[in-house]
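Below: the structure, in structure tokens.
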Amino acid sequence: MPTILVPLLLAFDQIFKLWALENLSPVPRPFLGDLLYLTLVKNTGAGFGLFEGRAFLLGWLSLGVGTLLLYLLARRRYVFWQTLALSLITVGALGNGIDRLGRGWVVDYLDLGTSIPLIATFPVFNLADVCVTVGAALLLLAPRQKRRF
């Protein structure tokens, strides 16, 4: 599964980012009413303004993590949920790593436009970020496998 899922989602991530660069601006555009807006943001750091201006370092770190995960997915057998989760995290790491090293910043475009207090200040994000978040959640929520001795 990772042999198909990783390149497919990575291609979608990069296509959506190219589309955002061509069609969006920093002015929020409603997409799903007041819930989701499309807003172009050039992120030179990580989420929530962390490590601002350190895209080069974060890019190499992202590519290193993505490469390590690709290696682990190719060399070891995981149950379905673990494989899916690690594949999603791999896509996120590689997708944003490509941006950081290729552009010097990450293309973000998904903006939660709600006025709910905790969500209203949530940073603008992209498909790669969604992949990392869903992958991490799957790892945390997936049923644990019993070890056989």
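The values are calculated or read from the model by the stated rules, or taken from the named source; none is laboratory data. These numbers were taken from a predicted model, which means no experiment stands behind them. Note that each Cβ is placed from the backbone with ideal geometry, even for glycine, and that neighbours are counted across all protein chains shown.
Being more than 20 Å from P28 (Cβ to Cβ), out of contact with any His (no Cβ under 7 Å at 6 or more places or on another chain) and either of a type in the set (S, T, Y) or at pLDDT 95 or above (or both) is a description that does not apply to T121. Reported count of residues in the stretch 21-57, each being assigned to a helix (DSSP H, G or I) and either of a type in the set (D, E, K, R) or modelled with pLDDT of 85 or more (or both), is 3. Of all residues in the stretch 58-111, exactly one satisfies the criterion of being among the β-branched types (V, I, T), in contact with a Pro (Cβ under 8 Å, 6 or more places away or on another chain) and either surrounded by 18 or more Cβ atoms within 10 Å (Cβ to Cβ) or assigned to a loop (DSSP other than H, G, I, E, B) (or both), namely T90. Residues in the stretch 86-137 that are closer than 16 Å to F12 by Cβ, without any contact (Cβ under 8 Å) to a residue 40 or more places away in the chain and of a type in the set (A, V, I, L, M, F, W, C): A93, V130. Residues in the stretch 1-31 that are of a type in the set (V, I, T) and exposed (fewer than 14 other Cβ atoms within 10 Å of the Cβ): T3, I4, I15, V27.
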